[in-house]
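Structure, as structure tokens:
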Amino acid sequence: MQRRDFLRAFSAVTAAASWPAFALSPEGKAFDDAIAGRPWLKPFKGVTDQDLRCDTLALSGKWPAEFRGRFYRNGPALNERDGQRYHHWFAGDGMVQQFSFAGGTKPTVRHIGRLVRTPKLVAEQQAGKFLFNAYGTRIESDEPTQGPDTYNVANTNAIEHAGKVLAMWEGGSAFALSPDDLSTLGPVTWQEGLAQMPFSAHPKLDAKGNLWNFGSAGANLVVWHVDPTGKLVKAQIGESPYPGGMAHDAAMTERYIVLPLPPVKLNFGEDVAAGKAFVFEPKEPLRILVMKKDDITQRRVFELPSQMVFHVGNAHERADGSIALSFVSSPTPEFVMYAASMLLAGHPASFGGSSTQFAVLDMRSGNSRVEGMRDSVEFPRVHPMRNGLNTRYLLTAATWAASSDKQQWFHGLQLRDVETGRTQRYDYGLGTVVEEHIVVPKPGARGELDAWLLGTTFDTVKGVTRVNLLDARHIADGPVAQATLPYWLPYGFHGNFTAA
């Protein structure tokens, strides 16, 4: 199986839409009117083609002198052109945010937000209108296409690796950015002959700095291994046990890649307004594909009850040879199929009851068992040095208060002790929308709780975005320090920290 099989599979998916195309309606003003009484929805408005910059954020609390580095976040940002709006949150062109922390006796925090200059974005900037199909949105256009990167919006995650920032999507290349000013350097081709091969948005770094990732298109899968210098070690191509299924995130262990395949398929190029952009097959199981890192043909597929999975927490190999896996799932794919479109149209919607799950996968017998927690969470993260190893603590955004029309998203953080089941929480309050927070190890520290928790929130009253720093040992005390922008940022998906 070669690169051409992937590109052919992607072309088949994008051409599969048989529903009649229709032009986007002029919905920009309608969105503005819809959110007038729901300020928490405002970041879904998105940005224009202008970049963002603030050299000195307003600081409060006590920023640790030793806290130095760069915090990246990525998410859909440009959601409309000429009064026309995309029909799905996942469609917008990506904007990478960089927060730079200088530390020292007089700490400062700087922000840069830049749209990723993909070929799609550049072409549409010049045309002044949408030209290409996007997630859940069909665009009428005669523009020629040249493979997956024609549609690439680089809008899901950002990580600094080997001196470059990688902005990643689901179905095409990673785009390299300069860490100095976030200028776009171009798509990454890891090896000649592998241009535009899918490099998914959730790579995992091991303790030695090796980067592991996967990609999927149609019936095909690729597993990537990139060394700490940014050089490709190996790219393996195989087949998916659930052809055409969505594959968003994977865990790794010392020897395996663990990839959830929920029973949902995307028809890229179909419009959610036609009701055919996604296909949910509730009689199909949640498949967990476990592949050996050094030979992905050595694999086992586990079948769990039907459910939707976006994100994994972590996985590790146990003494008996089984694999322990943590992930977050929902009973149905309601969010991706409906809620993510409602939000971009200015209508309230929730994440659909996603909760923490713990599975044990027996590699010898093929049996599995899963235990669900009674919580409402998303965006699971663990200590970055514990990726693929036994980890005790799982951090998530969470909600536990009754939602209202004024806010239906996460308002707090939860840190779960996997061994005891106990949770610690911090409530930012119903006037704050909580985004993904990550775990940042303290310099020279080894314990999982010898770390900071770092993440962004949106203040719905003041209409600004903040960066928050909490002590992992004292999460209930709330932020030890905050940095406030003079403006709000579009809601993002994922990000990572690079120490300086």
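The values are calculated or read from the model by the stated rules, or taken from the named source; none is laboratory data. None of the values given here were measured: they were computed from a predicted structure. Every residue, glycine among them, receives a Cβ derived from its backbone with ideal geometry; neighbour counts consider all protein chains shown. Heads up: the accessible areas ignore ligands, DNA and RNA and are worked out on the full protein's heavy atoms, side chains in. Shrake-Rupley method; radii C 1.70, N 1.55, O 1.52, S 1.80 Å.
Paramagnetic label reach from E66 (point 7 Å along Cα→Cβ; backbone nitrogen cut-off under 16 Å): within region 441-466, residues 441-453. Multiplying the residue separation of K234 and D49 by 0.36 nm and subtracting their alpha-carbon distance yields 62.9 nm. Separation of region 180-247 from region 111-147 is 22 Å, based on Cα centroids.
With distances taken between every two different alpha-carbon atoms, the chain has a Kirkwood hydrodynamic radius of 22.8 Å.
For the chain, the per residue solvent-accessible surface stands at 39 Å², with DNA, RNA and ligands left out and a 1.4 Å probe. Extending 7 Å from the Cα toward the beta-carbon at both E371 and T189 defines two label points whose distance is 5.0 nm.
Split the accessible area of region 40-142 by element, probe 1.4 Å, and carbon with sulfur accounts for 46%. Largest first, the extents of the alpha carbon coordinates of region 167-218 on the three principal axes equal 36, 27, 20 Å. If R0 is 22 Å, the Cβ-Cβ spacing of K276 and H347 corresponds to a FRET efficiency of close to 0.60.
As an equivalent ellipsoid, region 237-330 spans semi-axes of 27, 14, 11 angstrom, where each value is the square root of five times an eigenvalue of the C-alpha gyration tensor, largest first. For region 354-366, backbone phi angles converted through the Karplus equation (6.51, -1.76, 1.60; θ = phi - 60°) give residue-by-residue couplings of 6, 9, 6, 10, 10, 10, 10, 10, 7, 5, 7, 8, x Hz, Gly and Pro being listed as x. In this structure, the amide hydrogen of L221, modeled 1.01 Å from its nitrogen in the peptide plane, lies closer than 5 angstrom to those of G238, E239, S240, counting only residues at least 5 positions away or on a different chain. To put it simply, the accessible area of region 362-489 at a 1.4 Å probe is 45 percent carbon and sulfur. Directionally averaged projected area (region 300-439, Cα convex hull): 9.1 nm². Shape of region 78-174 from its Cα gyration tensor (a ≥ b ≥ c, root eigenvalues): rounded if a/c is under 1.5, otherwise prolate when a/b > b/c, or oblate? Prolate, because a/c is 1.5 or more and a/b exceeds b/c. Based on DSSP H runs of at least 4 residues, each adding -39500 (n - 2.57), what is the mean residue ellipticity at 222 nm of the chain after dividing by all its residues, to the nearest 500 deg cm²/dmol? Helices in the chain give a 222 nm mean residue ellipticity of -2000 deg cm²/dmol. If the viscosity is 0.890 mPa s and the temperature 25 °C, what Stokes-Einstein diffusion coefficient in µm²/s follows for region 420-500 when Rh is the Kirkwood radius over Cα pairs? D, rounded to a whole number, is 179 µm²/s. Short to long, the 5 Å bins of the Cα pair-distance histogram for region 134-225 hold 3, 13, 22, 25, 19, 11, 5, 2, 1, 0 percent of all pairs. Counted residue by residue at 0.36 nm each, then reduced by the alpha carbon distance between them, the extension gain from K29 to R110 reaches 25.9 nm.
Pairs from the table (K106/K442; K129/K276; K208/K293) lying more than 21 angstrom apart at Cα are K129/K276. Rounded to 0.05, the FRET efficiency of the W400 and E254 pair, given R0 = 45 Å and the Cβ-Cβ distance, is 0.80.
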